[in-house]
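The values are calculated or read from the model by the stated rules, or taken from the named source; none is laboratory data. Please read all numbers here as calculations on a predicted model, not as lab measurements. As a convention, Cβ positions derive from the backbone with ideal geometry for all residues, glycine included, and neighbour counts pool all protein chains shown.
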Amino acid sequence: MTTKHRITLLPGDGIGPEIISVAVAVLKAIAAKHDLEFTFTEALIGGAAIDETGEPLPEATLTACRQSDAVLLAAIGGYKWDNLPRQQRPETGLLGMRAGLGLFANLRPATILPQLIDASSLKREIVEGVDIMVVRELTGGIYFGQPKGIFETETGEQRGVNTMAYSVGEIDRIAKVGFETAQKRSGKLCSVDKANVLDVSQLWRDRVTAMARDYNDVELSHLYVDNAAMQLVRAPRQFDTIVTGNLFGDILSDAAAMLTGSIGMLPSASLGAAGTPGVYEPVHGSAPDIAGQDKANPLAQVLSAAMMLRYGLNEPKAATEIETVVNQVLDQGYRTGDIMSPGMKAVGCQKMGEILLKLIG
Ligand code: IPM
Ligand code: MG
């Protein structure tokens, strides 16, 4: 019997439309082979939505997302919208979607692909075998805490304020995702905070420590965020699963991504409570400098579609097939500009998509 899945597509800005069209073609080819039927609904987000409707996250987009089984997002943002008031910036649309769909858990894998190891800025012997999953809290912490804003003090001086706050409930639910993710991987969880300085981090550490009693099979460690950043570039193989707050996760997941040397290869998943649709997107941004030139690497978007199949639509076989063909194109030496190295075959975004389709057959 054919299984049906409703997918909302959010192409967004910059290279977004080019890379998402490759992922859609791949999904269609996979559907035919695995007796799946996808219905795609396209909606606006980011700068594209601002141009069309005046706001970065139209209500219609949130509604479309809520009515689907999963959301595939490309990327948002660009110079054109950088100087608008904060409420009208593309990033505000992204944050609104995270909050609006309750996507509190962001899973960002950073896995070294053997074919691309020399693309890393670190030495081969340091990064070989790196396989890290950053579990980042996504709807709380300093990104959303109140009060926030730019205020005027009594002396008339301006003062910018953001608040880092976490409730026990928020900590516990992301810690649970961290422990369960570690259980499915090598059983090692490192919780990252700044408990030596911040009260919010002390509560974080206390809760994560308390919860560890329910996960005897997980080996828990704690690091302060500054040390974690250092350890990530010093000896990244010591990490398996990392769980951390919104801001620390934003920073550490970029650092972890760059260990692999190929941010253009990394997918991510943002997940909410059971039964709500997750959002799957590349870790990289909208790369406005190369938009529309057929230079973008579509593989992170394609791997995001695989993550969607695995975590959101419960279609692990179809997910594995996508991951396998991505490996094959790399084995065969095809490279977009961002992962090009001497002796390899340079291809553009479209061509990379065509090769993937040929391999799916
Ligand atoms: C990310 C990005 C976003 C964030 C921006 C674009 C709002 O850096 O997804 O990591 O800070 O969360
Ligand atoms: Mg970021």
task: Would you check which residues across segment 250-281 are more than 16 Å from ligand 2 (Cβ to nearest atom) and over 23 Å from G12 (Cα atoms) and list them?
output: G261, A273, A274, G275
Unique match (being at pLDDT 95 or above and touching a strand residue (DSSP E or B) at 6+ places or on another chain (Cβ under 6 Å)) among A29, A49, A75, A60: A75
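Filter segment 45-60 down to the residues that are within 13 Å of M97 (Cβ to Cβ) and touching a helix residue (DSSP H, G or I) at 6+ places or on another chain (Cβ under 7 Å), then identify the one that is surrounded by the fewest Cβ atoms within 10 Å (Cβ to Cβ). Write out each step before concluding.
Taking segment 45-60 as the starting set, the residues that turn out to be within 13 Å of M97 (Cβ to Cβ) are 45-46, 49, 55-60.
Those still in the list that are touching a helix residue (DSSP H, G or I) at 6+ places or on another chain (Cβ under 7 Å) too: 45-46, 49, 55-58.
Numbers: I45: 29, G46: 31, A49: 24, E55: 16, P56: 29, L57: 26, P58: 18.
Filtering segment 45-60 for residues that are within 13 Å of M97 (Cβ to Cβ) and touching a helix residue (DSSP H, G or I) at 6+ places or on another chain (Cβ under 7 Å), the one surrounded by the fewest Cβ atoms within 10 Å (Cβ to Cβ) comes out as E55.
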- prompt: Do we find that S191 is out of contact with any Phe, Trp or Tyr (no Cβ under 7 Å at 6 or more places or on another chain), of a type in the set (G, A, S) and assigned to a helix (DSSP H, G or I) in this structure?
  reply: no
message: Residue pairs, Cβ under 8 Å, 6 or more apart or interchain, first in segment 240-261 and farther than 8 Å from R136 by Cα, second acidic (D, E) and part of a helix (DSSP H, G or I). List them.
response: G261/D118
query: Of all residues in segment 25-39 being touching a residue at least 40 places away in the same chain (Cβ under 8 Å) and not small (G, A, S), which is surrounded by the fewest Cβ atoms within 10 Å (Cβ to Cβ)?
result: K33
task: Kindly list, by first and then second residue, each pair from a residue in segment 153-171 that is at pLDDT 95 or above to a residue that is of a type in the set (S, T, Y), limited to pairs with Cβ atoms under 6 Å and residues at least 6 apart or on different chains.
output: R159/T153
query: If you take the residues of segment 206-221 that are over 24 Å from the mean Cα position of the chain (by Cα) and part of a helix (DSSP H, G or I), which of them is surrounded by the most Cβ atoms within 10 Å (Cβ to Cβ)?
result: R207
